[in-house]
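The values are calculated or read from the model by the stated rules, or taken from the named source; none is laboratory data. Everything quoted here is computed from the prediction, not taken from an experiment. Every residue, glycine as well, gets a Cβ built from its backbone with ideal geometry; the counts of neighbours run over all protein chains shown.
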Amino acid sequence: MSSEYGFKGARNEEYQLIRKVYPHFGEMQRLVAETVSRHAGGRLVRVADLSCGDGQMAHTILSACPTAHVVALDNEEKMIQQAGDNLEEFVREGRCQLECHDALVFFSSQSSDSFDVVASALTLHNLLQAARHQLHGEILRVLKPGGLFVNADKYAEGDAERFHALGVTLGRFFDTFVPLGKLDLLRAWVLHNVADQGPERVMKEIETVEELKRLGFATVNTSSRMNMEALLVATKAV
């Protein structure tokens, strides 16, 4: 499963450029952090940041929610190193733990009802549908009763909306990478984004909501749509 997502090779090294392609990425991460903070309500909460990347979302969560302890998880050593630099103060304070593991392997090793929140951003759409379904099940299992799954990601609407959103995204890649002369990187990301919309991988909003409810999540809602990306919040029954 580790080969199914994450930033590898050149994409790993150019991670920060992706924020220019997704100008709303920071806003989506802020919404995730606000959702976590509201859920905590001043209580101590254990949060898993699934595929933490450079650690920016974990930093945002820890800053917004002083009662959070975050396990920042990624399967790429380079990403964990970047996250370690960005989260150094929180690691030193004992509020953040870095783990270089595949998400499914990590969650499979955790006890049931062991996390208050599982959070993620722009990761799960990379998985094949079968692997994503398996991971959704593990997320539900490790969440405590009343726990929260919050994910900012590519939740595709209808075909027309999906086609339009893909065009907007690909245009941003060209506008960002061509002036920099990073044509190999442009090619890699264009192919990556087209593959995201393949029938075995595309993450459709309606189908995902129905799947999570079938698995056993008590409530599942989406909001704050920005192009193809939206915020999904699912709660485990008490």
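Restricted to strands (runs of 3 or more DSSP E) entirely inside the range 142-238, those with at least 1 residues that are surrounded by fewer than 18 Cβ atoms within 10 Å (Cβ to Cβ) and at pLDDT below 95 are 217-226.
The residues listed here are LEU127, LEU122; of these, the one that is within 18 Å of THR35 (Cα to Cα), crowded, with 17+ Cβ neighbours inside 10 Å and modelled with pLDDT under 95 is LEU122. In this structure, VAL32 does not qualify as crowded, with 16+ Cβ neighbours inside 10 Å, more than 25 Å from ALA165 (Cα to Cα) and modelled with pLDDT of 95 or more. From PHE163, PHE173, PHE217, grab the single residue that is under 23 Å from ARG19 (Cβ atoms) and of a type in the set (Phe, Trp, Tyr). When all the criteria are applied, what remains is PHE173.
Of SER112, SER37, all but one fail to be in a loop (DSSP other than H, G, I, E, B) and under 19 Å from GLY147 (Cβ atoms); the exception is SER112. Within the range 96-116, identify whether any single residue is within 17 Å of VAL220 (Cβ to Cβ), aliphatic (A, V, I, L, M), surrounded by 15 or more Cβ atoms within 10 Å (Cβ to Cβ) and touching a residue at least 60 places away in the same chain (Cβ under 8 Å), and answer yes or no. Looking for residues that are within 17 Å of VAL220 (Cβ to Cβ), aliphatic (A, V, I, L, M), surrounded by 15 or more Cβ atoms within 10 Å (Cβ to Cβ) and touching a residue at least 60 places away in the same chain (Cβ under 8 Å), one finds none in the range 96-116, hence no.
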